[in-house]
Amino acid sequence: MIYLDNNATTQVDKEVLQVMLPYLETEYANPSSMYDFAKKPAEALKIAREQLRDFYGAEDVKEIFFTSCGSESANMAIKGALNCNKSKRHIITTKIEHPCVLNTYKVFEKEGYKVDYISVNSEGQLDVDELKEKVTKDTALVSVMWANNEIGVINPVEEIAEIVKSKSPDTVFFVDGVQAAGKIPIVVRDTQIDMVGVSGHKFHAPKGVGGLYVNKKCRLTPLINGGHQERGMRAGTENVPYIAGMGKAAELAKDSLSYEASEVKRLRDKLEQGILKNVFNARLNSSLINRVPNTTNIGFEYVEGELILLHLSDYGICASSGSACTSGSLEPSHVLRAMGIPFTALHGSIRFSLSRFTKEKDIDYVIEKMPVIMDKLTKISPFQDELNALRNLRK
Ligand code: PLP
């Protein structure tokens with residue numbers, strides 16, 4: 001099996017699992033309890049919070065909150081900030097955010113908030129000038145993802161934070177950092193960013209645990225009310241094994257950043273160039289610059305993405321399609337549509353996402369199999385004239 005879908009989820013690192021096991025087997029006490037048996041779980045939370053603080057490049061452990069996933073982190077940040085100050089009714093975000101952000105704003109739109117969705121160009125890069133123009137004193141919240149999950153584009157969030165605060169100092173700036181975490185450095189110290197959400201399962205911790213950095217100056221109302229956990233900001237007995245695992249995963253991810261930037265990027269580039277060179281109907285959807293090192297998104301013209309995925313799967317290759325299957329109908333990706341990717345490639349777009357566990361031989365295998373698959377699929381495509389024209393053009 002060749003796993004090239006690491007933006008969907010990642011394998012748990014064995015070292016992470018080892019850190020988690022004692023809290024599942026023997027050290028199961030509630031970390032809030034008073035007896036000695038609770039000391040180890042309480043200590044595990046303390047260590048994980050320090051590891052997350054270092055991962056975020058934050059100043060203080062009090063700025064780190066544990067959640068259950070990236071979606072909860074986004075909801076906690078957005079709803080927490082907007083419900084804390086209801087006098088401002090304007091939100092700015094981008095057209096290429098994850099549904100956990102976009103669908104949260106839909107709820108606020110129904111309540112009468114005005115939401116501006118900032119455009120991207122054909123390479124997925126954000127129109128920062130458009131964003132700058134939209135910020136006013138009535139803007140309650142701006143949110144921009146650090147890196148996009150489908151195409152890997154990196155947004156200049158530090159610069160955007162400066163712009164937002166210079167125009168409206170009390171506007172809150174939230175960053176969905178889920179796809180940046182573990183791929184590029186996310187250093188919040190000395191920036192004007194208020195909040196950054198991450199999700200453990202995207203950087204080799206298990207599913208079901210996430211984190212939120214909240215700058216000390218930023219005020220939130222809690223999303224989950226109840227006990228005193230997370231200093232009253234997120235009630236519920238802490239998921240000690242998973243939090244301990246995410247702490248270790250964060251430490252390992254931080255140590256692997258230079259490997260991501262060099263080796264993972266080298267393999268990604270090899271895969272990308274290998275496919276673009278050997279498959280005549282392939283076109284790059286991702287931008288060549290400002291991109292996380294592990295992601296490529298390639299459009300295969302006049303071929304259906306789901307068919308490509310099934311054929312890849314027959315060869316044991318896991319990747320992901322640019323289209324999301326919504327209630328039985330195939331809807332092209334909102335990200336690729338925002339970029340204006342031509343209709344001919346929209347439905348046949350495939351995302352390959354690598355990790356530090358990806359091997360060179362895996363990449364060689366995919367480069368070998370992709371032309372074989374495409375040979376089969378172009379033969380059964382109803383667009384024979386268009387494919388022939390493309391073949392001649394790219395000869
Ligand atoms: N944000 C981005 C950019 C993502 O890619 C994802 C997951 O794919 C999420 C948020 C949601 O994370 P989770 O699945 O942990 O809720």
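The values are calculated or read from the model by the stated rules, or taken from the named source; none is laboratory data. Quick caveat: nothing in here was measured; it's all calculated off a predicted structure. Cβ coordinates were reconstructed from backbone atoms using ideal geometry, including for glycine residues, and neighbour counts include every protein chain displayed.
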(Q) Whether any residue in the range 226-242 is touching a His at 6+ places or on another chain (Cβ under 9 Å) and more than 18 Å from Asp362 (Cα to Cα) is what I want to check. (A) yes
Q: Scan the range 275-304 and report the pairs whose first residue is free of Cβ contacts under 8 Å to residues at least 24 places away in the same chain and whose second residue is among the β-branched types (Val, Ile, Thr), with Cβ atoms within less than 7 Å and a gap of 6+ or a chain change.
A: Leu284/Ile298
Q: Output the residue which, of all residues in the range 149-199 that are of a type in the set (Lys, Arg) and not in a loop (DSSP other than H, G, I, E, B), is nearest to Asp60 (Cα to Cα).
A: Lys165
Q | Filtered residue count, the range 260-283, keeping only those that are more than 19 Å from the chain's Cα centre (by Cα) and within 26 Å of Ser199 (Cα to Cα) | A | 5
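Please indicate, with yes or no, whether at least one residue in the range 245-256 is under 25 Å from Ile160 (Cβ atoms), within 16 Å of the chain's Cα centre (by Cα), charged (D, E, K, R) and not in a loop (DSSP other than H, G, I, E, B). Give the derivation first.
Here is the first cut: in the range 245-256, the ones under 25 Å from Ile160 (Cβ atoms) are 250, 253-254.
If we keep only those that are within 16 Å of the chain's Cα centre (by Cα) too, we end up with 250, 253.
With the extra rule that they be charged (D, E, K, R), the set shrinks to none.
Among the residues of the range 245-256, not one is under 25 Å from Ile160 (Cβ atoms), within 16 Å of the chain's Cα centre (by Cα), charged (D, E, K, R) and not in a loop (DSSP other than H, G, I, E, B), which makes the answer no.
Could we say that Gly226 is free of Cβ contacts under 8 Å to residues at least 60 places away in the same chain and either away from the ligand (no atom under 16 Å from the Cβ) or over 16 Å from Gly57 (Cα atoms) (or both) here?
Yes, satisfied.
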Q. Which of the residues spanning the range 72-88 are within 15 Å of the ligand (Cβ to nearest atom) and either modelled with pLDDT under 95 or hydroxyl-bearing (Ser, Thr, Tyr) (or both)?
A. Ser73
Q.
So, in the range 52-76, exactly how many residues are in a helix (DSSP H, G or I) and within 20 Å of the chain's Cα centre (by Cα)?
A. 12
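I'd like to verify a number: residues in the range 103-141 that are part of a helix (DSSP H, G or I), closer than 16 Å to Ser168 by Cα and touching a helix residue (DSSP H, G or I) at 6+ places or on another chain (Cβ under 8 Å), how many?
Residues meeting the conditions: 3.
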